[in-house]
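Report on one structure; see the data block that follows.
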Amino acid sequence: MHPAYSVILFTTSSGAGYGLLALLGLVGVNHGQASSLWFGVTAMLVALGLVTIGLLSSTFHLGHPERAWRAFSQWRSSWLSREGVAAVATYVPALLFGLVWSGLIEAPSWVAPLGIFTAVMAMVTVCCTAKIYSTLTTIRAWNNRLTVPVYAAFSLATGALMLAAISSLFGRFQLFQVIIGVMLLVILIALKLAYWRAIDTNPRNHTMEDATGLGRIGRVSQWEVPHTSENYIQKEMGYVVARRHAAKLRRLVILLLLLAALALLAAILAPAIAILAALLAAAAGVFERWLFFAEAQHVVTLFYGAKAA
Amino acid sequence: MTSLPPPSAKKLGLVIDLDTCVGCQACVTSCKEWNTQGYSEPLTDTTPYGADASGVWLNRVHGYEVKEQGQDQSRIVHFPRSCLHCETPACVTVCPTGASYKRAEDGIVLVNPETCIGCKLCSWACPYGAREYDVSHGVMKKCTLCVDRIYNENLEVEDRQPACVKACPTGARHFGDLGDADSKVSQLVAERGGYDLLPEMGYKPVNKYLPPRARRDATNQKAEALPKPDGSAFDRLFVWADKLLSGKQATVRASDLDHSSKLEG
Amino acid sequence: MTEPAVDTSPKTWDEIKTTTCYMCACRCGIKVYLKNGTVKYIDGNPNHPVNKGIICGKGAAGIKQHYSPARLSKPLVRVGERGSGEFREIEWEEALRTATMWLSEVRNTDPKKLAFFTGRDQSQGLTGWWAAQFGTPNYAAHGGFCSVNMAAAGLYTFGGSFWEFGEPDWKHTKYFMLFGVAEDHASNPIKKALGKLKAKGAKIISINPIRTGYSAIADEWIGIRPGTDGLFVGALIHELISAQKIDGEYLLRYTNSPWLIVENPGGADDGLFARNAQGSALIWDGHSGTPMPALSPDAEPKLMGRYKLPDGRRVVTSFQLIAERFLTPEWAPEAVSERCGVPVETIKRIAAELARTAFEEQIELDVPWTDHLGRYHEKMLGRPVSMHAMRGISAHANGFQTCRTIHMLQILLGTIDVPGGFRYKPPFPKPPPPGVKPAGKPGQVKPNTPLPGPPLGFVTSPEDLLVDAEGTPQRIDKAYSWDAPLAAHGMMHMVITNAAKKDPYSIEVLFMYMANMSWNSAMNVPDTIKYLTQKEPDGSYTIPKIIYSDAYSSEMVHYADLILPDTTYLERWDCISMLDRPISEADGPADSIRQPVVEPDRDVRPFQTMLLDLGNRLGLPGMTRTDGSPRYPGGYADYIVNHERAPGIGPLAGFRGPNGKAQGRGAPNPEQLQHYIDNGCHWYYELPDHMKYYRHVNWAYLDWATFFGFMGKPEPVIHQLYCEPLQKFRLAAQGHGKIIPPTEHRKRIQDHFDPIPFWYPPFEGEMVSGEEFPMHAVTQRPMAMYHSWGSQNSWLRQILGRNWLYMAREMAAKLRIADGDWVTVTSHHGQIKGQAKLMDGVNPETVWTWNAIGKRSGTWGLQAGADEAKKGFLLNHLISELLPEREGGYRYSNSDPVTGQAAWYDLRVRVEKAADQSAVSEPQFATLKKLRRAK
């Protein structure tokens, strides 16, 4: 699949934002009101900012962004629509939570319920996003039970590192942030490795013979392409990263995540390093998401010469 | 909308005969020219006169080589590919806006160009590559089964069929109601073993493909030869020629007949 | 939510007009949908006899041809050097005055200094007549490099031809053999028919080195080695004759098989038919044991035997000679198999299948008819075996004889114009060959004088050749000379070379229409470009003036001096006339017109109208009234209606006479074109059933055809298995007669003018080293393209914007070439580079590519760097228009020695992986500058 930068930015940025939002909600549940107004406002602005930047960038790849509102209508069948609904809906508890948690509005008893609500909605949104991909049976690499967990883990891990980074800026960096962050990173690394293992070992069980139905006669190979220049289908669905290149990038993703974990640990000594950890995780997110697309083979490629998918 | 309507009794679709398609591209350009001024207007071409010209096409013809078991030679099969108007099309259910829909009355899968936001997700959901995104128009395009021809009262009755079917010189494309077991297309499918593409994907395509017929060549025809008895072929020929009479089947001399009535020129 | 409302009855047009397609030579009827004068949609006309509603990939892309950016828009005169692209836009008046000045100078002095050649011209009825009116013999269309071998072999053998002059009896045939046909002429009818044959289970065999297109759906594919079809067919004949599986009665009645041939080795009459005092050929009557005239109703001719005539001459039946030839072991399947690349068992099986289908599955139609001798037949008997062949047979130096071999097979099986066989399309059959002789002998070309006849025709003896006493060719292309005596369509491929070499003479004006002679229509493109720009010591061009008319900015435009821009096919009147290549059906004659469905938005004029205007300005008698005014002031439309070739016979056969009631023959009808338009722009007359078969010998048909002007006299068309005109040339080569070839030509004539079909290896393969050039290289016409036109079409060029060199996987493995490698292809003449694509369905000794995709950068309205120029390539650069030197240094043209047909497919090459793997084809010619159109 063609890795569109708008979609990569959207899923990584909003993923981190929702992760942060979810964790802030949990922080609220645990600690009540934010320790300072500025910390609360900044954290909420960063979280909602990442979400909003992500959502806006997702409209960049639309042919008709001005019609984006229509996407809220088909929540009964479409995960994309559900994602849109959930994304917008999340703003309501999130803003309310932000107001009460940061202390802009004094209502301490509402912090916990709004925190939970916000956390749940944030993670629902992330899962909806992941579901868009994981329900596509046409793309074996996505149609995988680890797709949703990986998205959730990425969202939470990058969110946790964001939280740590913001906390360090406000001198509120705490050990539990390290513990949670490192734990999430370890889970993420494990899930991602498991995911790659799964997509590498899953048999590519659709063949050119199946796609064309000509297997009933014999072995099929492509002779003439329908048009001599690449078309939309080939450009959008036919993008395949070289295996060797992909392996390098996979190692880079894991390395970046490990470095992020190390940086987070180092932040115990010097909290400002948490910012570096967040940046490393964000970078890992971009490469991971690029690979998520570039390694995904669409079944339509069978019509264009791929032997199996 | 995006939710599928209850299955329709009428299932309009195409039956494509891979045994007769010669890959002439008539269906391809006929489709393009009708739809670029019809329902799907415009089907944009980018850099039409430069390098890497490409554009939106709703129907494309592939060429495959198929190597039969135990044979040295492959046969070439031309393979037209367009929307199969599936009974359970995920391209419809993934659509967030309802722009992509399956018509309740005849099962045609359409995109409403007024409400499509151009998110492309439907094209990801289609295993058959049937949907192509139109950059200039910002919406997804697909085969409409010429919904603006098949019911078009401004067209002659014989023209009320998809442009590709009407054009097809070898008659390899058939249009009809695959929901009706007695229709010509359903019978063709039954007779010729028409099949679904990627049935395991579960989209239940309406369009069917008729497989190439078995060839009739050295691979499966019995060896035979005209008899060659010993002796001189020339002598036998001479004996044979000697028995020939040129006029034996002409019974009447026509000069005795009045044949002028047969001159109608 | 409810479904959106869809307008299922939109009217995207405000008007539909019928006309005729021109996206290839098929000439289908089309319906053009217009809105506010803009073309919106084109589809097939269901009522049209040719396509019956269907349309092909090209036809449906006609809009993009019509609105092509490559369209020329105003007359141009060259101001820079040839090839510089520097032109000045001029008004039509200046353009026509210039052309008139150049041409009248030639006509006033020596009309043959004008070479007038047309390409994909569908108005040869007009252009040939114009040339004759001008007085130059140097006229032809592109048939000489297209398929004249097919036309000539058929017309000299049975008065018809493959091509679109006939077609298999699609309704009844059960066994169809297709030789070397890519989608080409009659493209839609063949496709439609193949679909029908498939549906009813008839067997289709394709004999073709390449298994694409029609061959892909054939039941059996014979991947023959190029140029060896004659051997394969000869072996089938060997098998059939050996087993007496031939139609003896058909041969006796309708062919010259029983005609007696004089055997007088060394004598002037050796090999000629024994004739009586009245000139009638003789047969040996078995009943009386005496010779009798061939067409005696009461005779019982002997098919075989040697006899002695009362005057003492020794004679033999022609069939005896045929049998003697084909029964020899050299024609046995075992002897030809390896050379053809077809297994012995396959040849034998196909012979057996042919015999079984022809003789055990005979068809009988309950249609009584009467033959030429007045014999009444209660039924029409048919043998459901049919064949079709085109350029794969034609474009070889042995194509004429090979095509004759195929016709011989058809005739031996008794399958010409019988139910299930190969059928004529009116106006065919014609006498074999038709009686028209080419004009242009010494003394016939005079200043300010029309030729006494048409420039093209059919020679039957050396006396008809256009040579002088020394044997020097009289035509610039050397057609009808000893180089190519039966060059019935001229030899356009030789014009530029010969003119530049001044061999046989220099010319003053080269006037061409719709022929891309500086590119894909030229053999040897690099030298052709050199010849077009070659200068004399005084600085003038060797070909001093080049006038070119075309609708589009092709490669040729850049090398012309005066450009006369033509309209597109949707902006013009045309007639698809029976005086040219007809669109008839086997069931009856048909013709059609084009009408302008849109007005030109540029300053262009229809070529034919412009040509008539030019003719009038030159004072050509046919186009000028005695007072000097134009005879056809209404242009081509006026000519179509009012021109008469013979009394009552004009370009269009339909709706003649008062009120348009007459068909075939009738006075010009001023309303004729309106009648055509009202009838969907065509006319078709379906023959009554008793005239639909056996028309070569069908009394009723022959009478009718004579009335219609298709034949001069109602005489039977007896199939000429033994081709006497060829023997006359052979006798001349032996020194007999008044007109004899110069010594150096004699062996070639002697060797190739065999009156009985035979096979010889294509010349190029014989003259170059088989080790150095082990492979054959051929081209095919892609179904969605017609010549070079398709590449300017923004839809068609997406389908095929470049080409590859296709080769067999097994051969590629031997040569260590992988799929996608760039390879060099080298012939004795040149080298090109292209990208390889591997496949199974190709004869292993053969490489091939799509024809005419490669473009010169800067042409056809394409941006520089377009794939056609950067990755596309032509095989033309590898093909020499001349054969290597032979016999005292003389270089014959790379053509069939009988007809002059360009031998494109004789090309021999070597293929190697290119050292330079950069993704650019070679040679790359300098980008042609966009036409500069200074005011």
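The values are calculated or read from the model by the stated rules, or taken from the named source; none is laboratory data. Computed from a prediction, not measured in an experiment: that's the story for all the values here. With ideal geometry, Cβ positions are generated from the backbone for all residues, glycine too; neighbour counts draw on all protein chains shown. Note: accessible area is taken over every heavy atom of the protein model, side chains too, but ligands, DNA and RNA are not part of it. Shrake-Rupley method; radii C 1.70, N 1.55, O 1.52, S 1.80 Å.
Computed quantities for the displayed model
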{"read-out": "Close pairs from segment A:234-251: first closer than 13 Å to A:GLN297 by Cβ, partner outside any helix (DSSP H, G or I) and basic (Lys, Arg), Cβ under 9 Å, at least 6 apart", "value": "A:GLU236/B:LYS120"}
{"read-out": "Evaluation of C:VAL909 against (1) within 11 Å of chain B (Cβ to nearest Cβ); (2) part of a strand (DSSP E or B) (one fails), failing number", "value": "(1)"}
{"read-out": "Qualifying residue in segment B:164-171 (condition: of a type outside the set (Lys, Arg), away from chain A (no Cβ under 11 Å) and surrounded by fewer than 20 Cβ atoms within 10 Å (Cβ to Cβ))", "value": "yes"}
{"read-out": "Verdict on C:CYS26 being at the interface with chain B (Cβ under 8 Å from one of its Cβ atoms) and part of a loop (DSSP other than H, G, I, E, B)", "value": "no"}
{"read-out": "Qualifying residue in segment A:244-263 (condition: of a type in the set (Gly, Ala, Ser) and within 14 Å of chain B (Cβ to nearest Cβ))", "value": "no"}
{"read-out": "Qualifying residue in segment C:147-155 (condition: open to solvent by 10 Å² or more (accessible area, probe 1.4 Å) and in contact (Cβ under 8 Å) with a residue 12 or more places away in the chain)", "value": "no"}
{"read-out": "Failed condition for C:THR405, given (1) touching an Asp or Glu at 6+ places or on another chain (Cβ under 9 Å); (2) surrounded by fewer than 24 Cβ atoms within 10 Å (Cβ to Cβ)", "value": "(2)"}
{"read-out": "Residues of segment B:177-211 that turn out to be free of Cβ contacts under 8 Å to residues at least 40 places away in the same chain and either touching a Phe, Trp or Tyr at 6+ places or on another chain (Cβ under 7 Å) or among the aromatic types (Phe, Trp, Tyr) (or both), as a count", "value": "1"}
{"read-out": "Positions within segment C:787-802 being open to solvent by 10 Å² or more (accessible area, probe 1.4 Å), more than 7 Å from every other protein chain (Cβ to nearest Cβ) and assigned to a loop (DSSP other than H, G, I, E, B), in sequence order", "value": "C:HIS787"}
{"read-out": "Residue in segment B:148-161 that is touching a residue at least 60 places away in the same chain (Cβ under 8 Å), within 20 Å of B:ASP17 (Cβ to Cβ) and assigned to a loop (DSSP other than H, G, I, E, B) present", "value": "no"}
{"read-out": "Failed condition for C:TYR33, given (1) buried (at least 16 other Cβ atoms within 10 Å of the Cβ); (2) touching a residue at least 40 places away in the same chain (Cβ under 8 Å); (3) of a type in the set (Ser, Thr, Tyr)", "value": "(2)"}
{"read-out": "Residue within segment B:131-146 that is open to solvent by less than 20 Å² (accessible area, probe 1.4 Å), under 21 Å from A:ILE139 (Cβ atoms) and more than 9 Å from chain A (Cβ to nearest Cβ) present", "value": "yes"}
{"read-out": "Residue list for segment A:141-198, filter: among the aromatic types (Phe, Trp, Tyr) and open to solvent by less than 20 Å² (accessible area, probe 1.4 Å)", "value": "A:TRP142, A:TYR151, A:PHE154, A:TYR195, A:TRP196"}
{"read-out": "Residue count, segment C:207-254 (criterion: of a type in the set (Ser, Thr, Tyr) and out of contact with any Gly (no Cβ under 9 Å at 6 or more places or on another chain))", "value": "2"}
{"read-out": "Residue tally, condition touching a residue at least 24 places away in the same chain (Cβ under 8 Å), assigned to a loop (DSSP other than H, G, I, E, B) and more than 16 Å from C:TYR685 (Cβ to Cβ), over segment C:583-604", "value": "9"}
{"read-out": "All positions within segment C:66-103 that are touching a Leu at 6+ places or on another chain (Cβ under 9 Å) and either within 11 Å of chain B (Cβ to nearest Cβ) or among the β-branched types (Val, Ile, Thr) (or both)", "value": "C:PRO69, C:ALA70, C:VAL77, C:ILE90, C:THR98, C:THR100"}
{"read-out": "Unmet requirement for C:ALA852, which otherwise passes all of (1) within 14 Å of chain B (Cβ to nearest Cβ); (2) more than 30 Å from C:GLU338 (Cβ to Cβ); (3) small (Gly, Ala, Ser)", "value": "(1)"}
{"read-out": "Selection count, segment A:53-67, where residues are closer than 18 Å to B:SER123 by Cβ and either buried (at least 18 other Cβ atoms within 10 Å of the Cβ) or among the aromatic types (Phe, Trp, Tyr) (or both)", "value": "6"}
{"read-out": "Selection status of C:ALA132, of a type outside the set (D, E, K, R), within 14 Å of another protein chain (Cβ to nearest Cβ) and surrounded by fewer than 24 Cβ atoms within 10 Å (Cβ to Cβ)", "value": "no"}
{"read-out": "Qualifying residues in segment C:194-229 (those that are among the charged types (D, E, K, R) and more than 7 Å from every other protein chain (Cβ to nearest Cβ)) - the one surrounded by the fewest Cβ atoms within 10 Å (Cβ to Cβ)", "value": "C:LYS200"}
{"read-out": "Some residue of segment C:363-373 being touching a Leu at 6+ places or on another chain (Cβ under 8 Å), surrounded by fewer than 23 Cβ atoms within 10 Å (Cβ to Cβ), outside any strand (DSSP E or B) and within 12 Å of another protein chain (Cβ to nearest Cβ)", "value": "yes"}
{"read-out": "Matching residues in segment B:1-38 - criterion: being among the β-branched types (Val, Ile, Thr), surrounded by 24 or more Cβ atoms within 10 Å (Cβ to Cβ) and more than 7 Å from every other protein chain (Cβ to nearest Cβ)", "value": "B:VAL15, B:ILE16"}
{"read-out": "Residue match in segment C:338-349 (condition: more than 12 Å from chain B (Cβ to nearest Cβ), in contact with a helix residue (DSSP H, G or I) (Cβ under 8 Å, 6 or more places away or on another chain) and open to solvent by less than 20 Å² (accessible area, probe 1.4 Å))", "value": "yes"}
{"read-out": "Test: residue in segment B:77-84 that is more than 7 Å from every other protein chain (Cβ to nearest Cβ), within 25 Å of C:LYS191 (Cβ to Cβ) and open to solvent by 20 Å² or more (accessible area, probe 1.4 Å)", "value": "no"}
{"read-out": "Condition met for A:ALA47 (more than 14 Å from chain B (Cβ to nearest Cβ), at pLDDT 95 or above, open to solvent by less than 50 Å² (accessible area, probe 1.4 Å) and assigned to a helix (DSSP H, G or I))", "value": "yes"}
{"read-out": "Sole exception among (1) within 11 Å of another protein chain (Cβ to nearest Cβ); (2) open to solvent by 10 Å² or more (accessible area, probe 1.4 Å); (3) in contact (Cβ under 8 Å) with a residue 60 or more places away in the chain for C:HIS172, by number", "value": "(1)"}
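Residue-by-condition table, conditions (1) open to solvent by less than 10 Å² (accessible area, probe 1.4 Å); (2) in a helix (DSSP H, G or I); (3) touching a Ser or Thr at 6+ places or on another chain (Cβ under 9 Å):
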| site | (1), (2), (3) |
| --- | --- |
| C:ALA812 | yes, yes, no |
| C:ASP819 | no, no, no |
| C:LYS833 | yes, no, yes |
| C:PRO844 | no, no, no |
| C:VAL847 | yes, no, no |
